[in-house]
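Engineer: My questions will all concern the structure given below.
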Amino acid sequence: MIKIAICDDESIFIEQIKSMIKSTLSEAHISYLTDSFTSGEMLCEKLKGGTIYDLAFLDISMNGMNGIEVGAKLRYYFQNKKTIIIYISSYDNRAKEVFCLDTFRFLSKPIDPELFKKDLLSAYKRLNEIKDDFFCFKDIDRGQCNIPVEDIIYLEISKGHKINVITKDARYIFYGKLMEVFEKLEAQGFLLIHHSILINYYHIRQISYEKVLMSNDASLTISGPKRKEIRANYLQLRKNKEDDK
């Protein structure tokens, strides 16, 4: 099932979009759920509660918080790069403003049903392509976050069952169990070098029998009982990478 948010301050357009979604996805036998919002503020309140949408239709020109501001908040405050955004506007000259927010499509009002259908099915295809590319968690300060797995350098346990997520650009903290995270990320090249440290193979700059140097210059210790296992897994991942070239 895909979860879709529709945000427009004109109810007539919300109903039109809902009707086209129903027609397109029912015909394609795709299950879905829609939530409608008549203001950007309403949608942001929903996001603050931890709700994650796969797809969002955002009207650019709304009273109060406009669609561009909602998109910026989605991307930068909530650190959500997973949700696919399709902007809608009566003014074609605003299209250039939205593509810095990793926008998937821009639709002009009045909405062409055939173009809408094409873009919606393309968005669904894209969702299936990226579903394993993001790591989702609830940061203790920011709330729900969705960050690209490739951006994670390593994760480390701290006091109170807190997990620190170290990325190229930021640090996040959430409550959880590192072993459960490892089970989710192992297939994507993550190595558990210590009971409290999980690293991303693709960010290893240098490795020895006892230590590993990461891309952010962090030097991390490989626990004694894991050294042979980590060495073998590292060599296998390197071989797989070379075979893919």
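The values are calculated or read from the model by the stated rules, or taken from the named source; none is laboratory data. Remember, it's a predicted structure, so these values are computed and weren't measured experimentally. Cβ: placed from backbone, ideal geometry, glycine included. Neighbour counts: every protein chain shown.
Engineer: When you look at Y172, is it outside the structural domain of K46 (by TED's automatic domain parsing), aromatic (F, W, Y) and touching a residue at least 40 places away in the same chain (Cβ under 8 Å), yes or no?
Structural biologist: It is true that Y172 is outside the structural domain of K46 (by TED's automatic domain parsing), aromatic (F, W, Y) and touching a residue at least 40 places away in the same chain (Cβ under 8 Å).
Engineer: What is the number of the single condition among (1) within 15 Å of the chain's Cα centre (by Cα); (2) among the polar types (S, T, N, Q); (3) at pLDDT 95 or above that N164 does not meet?
Structural biologist: Among (1) within 15 Å of the chain's Cα centre (by Cα); (2) among the polar types (S, T, N, Q); (3) at pLDDT 95 or above, the lone unmet condition for N164 is (1).
Engineer: When you go through R231, R205 one by one, which is the residue that is basic (K, R), in a strand (DSSP E or B) and over 20 Å from the mean Cα position of the chain (by Cα)?
Structural biologist: Sole residue among the options that is basic (K, R), in a strand (DSSP E or B) and over 20 Å from the mean Cα position of the chain (by Cα): R205.
Engineer: As an exercise: evaluate I147 against (1) at pLDDT below 90; (2) in contact with a Ser or Thr (Cβ under 7 Å, 6 or more places away or on another chain); (3) in the same structural domain as C7 (by TED's automatic domain parsing); (4) within 28 Å of Q188 (Cβ to Cβ) and give the number of the one condition it does not meet.
Structural biologist: If we test I147 against (1) at pLDDT below 90; (2) in contact with a Ser or Thr (Cβ under 7 Å, 6 or more places away or on another chain); (3) in the same structural domain as C7 (by TED's automatic domain parsing); (4) within 28 Å of Q188 (Cβ to Cβ), just (3) comes out false.
Engineer: If you scan region 24-70, which residues turn out to be touching a residue at least 40 places away in the same chain (Cβ under 8 Å) and among the hydrophobic types (A, V, I, L, M, F, W, C)?
Structural biologist: L25, A28, I30, L47, I52, L55, A56, F57, L58, M62, V70, listed by residue number.
Engineer: Name the residue, out of I199, I140, I153, I204, that is in contact (Cβ under 8 Å) with a residue 60 or more places away in the chain, outside the structural domain of L47 (by TED's automatic domain parsing) and of a type in the set (A, V, I, L, M, F, W, C).
Structural biologist: I153
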